[in-house]
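Structure, as structure tokens:
The values are calculated or read from the model by the stated rules, or taken from the named source; none is laboratory data. Nothing here was measured: the structure is a model prediction, and the numbers come from that model. Quick reminder, even Gly has a Cβ in these numbers, built from the backbone with ideal geometry, and neighbours come from all protein chains shown.
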Amino acid sequence: MKLITIFNFPDDDNYNKLCHWWLKQALENTDMPIEIWHQNNIDHLDFDEISNSQVSVIKKGTLDLSGKIYPSLISDKSKHNVGFKLYNLCHEVQPFIFVDADAIIFKNLNTLAEASRRKPFIAVDHQDIPGHTSHIATKFLNSGVQVCSSTSLLNFEDILHYLNLHNEFLVPGTDQSMLWTYFKHLQYDYTDGEIDWRWNNCAGFCDDFNKICINHYWYKFKPWALNCGKWEEFVKTA
């Protein structure tokens, strides 16, 4: 099993530091191979850690979504999350754990690797976050953390097929909505009782780092916006 992330952030001081923080925490919490995927040049990140034989930087292509999904669903967000992220993950042949680059790892990933023996694909549902998800009756996954031990389950053409049956994203998000719809049609339960919100915690929801395994600084919950103490500790030593 390997760990995959994507560094397609803009060349910005905070985002550059975030990538360094992600990699530092990943190296501290797993000995599995780490792949950093990117679409554009990331030389500006100037990683010392890249010399580590555990880390590989891989440029990936993007699928043109024209003619693949309804035009009304094509946006900059879906071009990246579907045409780059989902498309490339679905064409992986090796078992993997995917963790977004703004989801910082604080606990050893062996727990996720062990869980992968129980189910072919595991993801964590969004928490009930006031103003964001609490008004949505349906539980739906957050694709920022994915554990896939059987890559044949992620059939991109089938995922497209089930999206196009509905002509819309049925739950919030793009790639995560497509995965949710796909698993719904398959009647497959992607959740695991031991891999709960602690493994994909919204950083603006809980700040008890004794509980948190992966802290996800998605949307407006970026660490510099939250004045996160863990982030400030890292920046001081970076």
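Worth a mention:
- Looking only at region 188-238, residues that are under 30 Å from L154 (Cα atoms) and of a type in the set (D, E, K, R) come to 7 in all.
- Some residue of region 215-226 being assigned to a loop (DSSP other than H, G, I, E, B), in contact with a helix residue (DSSP H, G or I) (Cβ under 7 Å, 6 or more places away or on another chain) and exposed (fewer than 14 other Cβ atoms within 10 Å of the Cβ): no
- For Q127: the one exception among (1) assigned to a loop (DSSP other than H, G, I, E, B); (2) among the polar types (S, T, N, Q); (3) out of contact with any helix residue (DSSP H, G or I) (no Cβ under 8 Å at 6 or more places or on another chain): (3)
- Qualifying residue in region 98-106 (condition: in contact (Cβ under 8 Å) with a residue 12 or more places away in the chain and either part of a helix (DSSP H, G or I) or surrounded by fewer than 19 Cβ atoms within 10 Å (Cβ to Cβ) (or both)): yes
- Residue satisfying all of: in region 170-185; touching a helix residue (DSSP H, G or I) at 6+ places or on another chain (Cβ under 7 Å) and surrounded by fewer than 20 Cβ atoms within 10 Å (Cβ to Cβ); nearest to K119 (Cα to Cα) among these: H185
- Exclusive hit being in a helix (DSSP H, G or I), among the acidic types (D, E) and farther than 19 Å from I6 by Cα, set E157, E168: E157
- When region 190-238 is filtered for residues that are of a type in the set (A, V, I, L, M) and closer than 24 Å to S134 by Cβ, the ones remaining, listed by number, are I195, A203, I212, I214, A225, L226.
- The residue of region 191-201 that is surrounded by the most Cβ atoms within 10 Å (Cβ to Cβ), among those that are in a loop (DSSP other than H, G, I, E, B) and among the acidic types (D, E), is D196.
- Those strands (runs of 3 or more DSSP E) lying entirely in region 1-97 with at least 1 residues modelled with pLDDT of 95 or more, in contact with a helix residue (DSSP H, G or I) (Cβ under 7 Å, 6 or more places away or on another chain) and not charged (D, E, K, R): 2-6, 34-38
- Residues in region 124-168 that are at pLDDT below 95 and among the hydroxyl-bearing types (S, T, Y) were compared, and the one that is surrounded by the fewest Cβ atoms within 10 Å (Cβ to Cβ) is S134.
- Pairing each residue of region 209-238 that is without any contact (Cβ under 8 Å) to a residue 40 or more places away in the chain with any residue that is outside any helix (DSSP H, G or I) and among the charged types (D, E, K, R), provided the two are 6+ apart or on different chains, yields C-beta distances under 8 Å for C228/D207.
- Take the conditions (1) buried (at least 21 other Cβ atoms within 10 Å of the Cβ); (2) among the hydroxyl-bearing types (S, T, Y); (3) in a loop (DSSP other than H, G, I, E, B); Y188 misses just one of them, which is (1).
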